[in-house]
Amino acid sequence: MPVRRLFHRPLAAAVTAALLASGAPLSAQRAPAARPTNLPPDVLALACGPTMVYEAPPTPLRITGGQDSFVRKIFQPGDLVTINAGTDNGVAVGQEFFVRRVQVDPGKSVSRQSPGIIRTAGWIKVYAVDDTLSLATISYACDTIQADDYLEPLVLPTVPTAASNRPKAQRGNYGVILMGADRRTSFGKGDLMIVDRGSDHGVTPGTQFVIYRDKKQADNFLYELGEAVAMDVHPETSTLRVTLSRDAFAAGDFVAMRK
């Protein structure tokens, strides 16, 4: 999809009209002040949580810049950001989108051997449109919003409730911790982390897990590090929230479902 320069008359007129309606000074070219989301903290945390992919996602809609007199690549609430699509692409004022980016090891592309982490940077709301470009306000920032981040329709998650019963952990059917947002590999209570168990393995939202570490001592038990619960489930992976930690969890530690 071609990217056009921001400063052309139809969009400028739309921005001017929107700024006049909001009472903002035209010279500032700033979005209206961000309002509180009024969303519960656990919904915000899950909406900002990481997922893993083995194929690069389609990214036709992207952040291409901002409404400034100089080139910027990083944005925050209060800024206006440009989208490389408009009414010709079905974009309309009031639409909301997640802003996301793919994180992969330097020099590699997303593959089975080098999975990517989807980092949710926040979400935006379309503020003004013309045929081929749009401007949006930043409604919430989990991280900085960056030029070239891609967009997906905003659908806020439902936070699952952990089952009240606590069956024994399945021994001998261990998965492992993979990584988290920003490709981090260490986790504590309240953190979100990705494991290599998903719906293909019987995981459902709310499934409880026990976390173990192999200390690699002969004739010894696995050490029980803590517990976690499945928040977001995909066929091959799940995002878990740590609910109890006796020590930091690390990539490679074992996970076992209570099932």
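Derivation of every value follows stated rules applied to the coordinates shown; laboratory data play no part. Here the structure is a predicted model, which means the values were calculated and not measured. Methodologically, a virtual Cβ is constructed for each residue, glycine included, from the backbone with ideal geometry; neighbour enumeration extends over all protein chains shown.
Of Leu44, Leu151, Leu240, Leu61, the sequence from fewest to most neighbouring Cβ atoms within 10 angstrom is Leu44, Leu61, Leu151, Leu240.
The trypsin sites (Lys or Arg not before Pro) of the stretch 151-244 meeting both criteria, a DSSP state outside H, G, I, E and B (loop) and at most 16 other C-beta atoms within 10 angstrom of the site's C-beta, are Lys168, Arg171, Arg184, Lys189, Lys215, Lys216. Each listed q (0.13, 0.16, 0.22, 0.24 Å⁻¹) maps to a log10 I(q)/I(0) for the stretch 175-257, found by the Debye formula over equal Cα scatterers with no solvent: -0.35, -0.52, -0.95, -1.10. What residue among Leu192, Leu46, Leu222 shows peak mean-square fluctuation when the chain is described by a Gaussian network model with Cα springs under 10 Å? Result: Leu222 has the largest fluctuation of those listed. Taking the longest Cα principal axis of the chain as reference, the axis of helix 9-22 is set at about 80 degrees. Loop-located chymotrypsin sites (Phe, Trp or Tyr not before Pro) in the stretch 121-224 (DSSP state not H, G, I, E or B) with no more than 14 neighbouring Cβ atoms inside 10 Å: Phe221.
In what order do Ser238, Ser134, Ser139 fall by count of nearby beta-carbon atoms within 10 Å, going from fewest to most? Intermediate results must be reported in sequence, preceding the final value.
Values: Ser238 30, Ser134 27, Ser139 18.
Ascending number of Cβ neighbours within 10 Å: Ser139, Ser134, Ser238.
Counted by neighbouring Cβ atoms within 10 Å, the residues Phe70, Phe97 run from fewest to most as Phe70, Phe97. When Rg/Rh (Cα atoms, Kirkwood Rh) is computed from the coordinates, the matching label among (1) 1.07; (2) 0.95; (3) 1.10 is (1).
Working from label points 7 Å from Cα in the Cα-to-Cβ sense, the Gln146 to Asn89 distance is 2.0 nm.
For Lys259, the lysines whose Cα falls under 24 Å of its own Cα, not counting residues fewer than eight places away in the same chain, are Lys168, Lys189.
When the charge dipole of the stretch 49-118 is built from unit charges on Cβ atoms (+1 for Lys and Arg, -1 for Asp and Glu) and taken about the Cα centre, the candidate among Gln67, Ile83, Pro115 whose Cα reaches farthest toward its positive end is Pro115. At a Cα cut-off below 28 Å, give the lysines reachable from Lys108, other chains included and same-chain residues fewer than 8 away excluded. List returned: Lys73.
Output the relative contact order of the chain, whole-number percent, from Cα pairs under 8 angstrom with separation of 6+ residues.
Working: 625 pairs, mean separation 47.5, N = 259.
Worked out over the chain, it gives 18 percent.
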